[in-house]
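Reviewing the structure listed below.
The values are calculated or read from the model by the stated rules, or taken from the named source; none is laboratory data. Only a predicted model underlies this, so the values are computations on that prediction, with no experimental measurement involved. All Cβ positions, even for glycine, are placed from backbone atoms using ideal geometry, and neighbour counts span all protein chains on display.
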Amino acid sequence: MSKDAEKAQDAPTRNVGATGEKKPRREAKDAKAKKRATQAKTGAQERGLSGLDAAAKVLEEAGEPLNCKQIVERAFEAGYWHSDGKTPAATVYAAMLREIQKKGGEARFRKVARGKFELAK
């Protein structure tokens, strides 16, 4: 027998237990991942708008520049969005700035003054 054949024979094989039988497949893991993905999709539909979508809707209805605190208050009152976070206005502010920086001229928002945003036209 050649050296390569001996090495291959001595090397442990995957999915083989101590008795030489194949181990059962881990299908439960795949099922759990599929279940989580389905729950995430349905959960997003039930939750309503995201913070940025709610901000865009509030700014559209307002027709004037607003600061993030005003945007969040109006979004909460209208039921467009809710947050259990301590600083939802800061969250929306940061998200709006990220969108402006990332999308540039195609962003939905435009910063018009310190802390004030309006819909880009």
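Annotations for the structure displayed:
- Residues of region 44-83 that turn out to be more than 18 Å from Leu119 (Cα to Cα), surrounded by 13 or more Cβ atoms within 10 Å (Cβ to Cβ) and polar (S, T, N, Q), as a count: 1
- Considering region 91-121, and only residues there that are within 16 Å of Ser50 (Cβ to Cβ) and small (Gly, Ala, Ser), the residue that is farthest from the chain's Cα centre (by Cα) turns out to be Ala107.
- Test: residue in region 62-71 that is at pLDDT below 95, in a loop (DSSP other than H, G, I, E, B) and among the small types (Gly, Ala, Ser): yes
- Contacts under 7 angstrom Cβ, first residue in region 84-106 being assigned to a helix (DSSP H, G or I), partner of a type in the set (Phe, Trp, Tyr) and surrounded by 17 or more Cβ atoms within 10 Å (Cβ to Cβ), 6 or more apart: Met96/Phe109; Met96/Phe117; Glu99/Phe109; Ile100/Phe109
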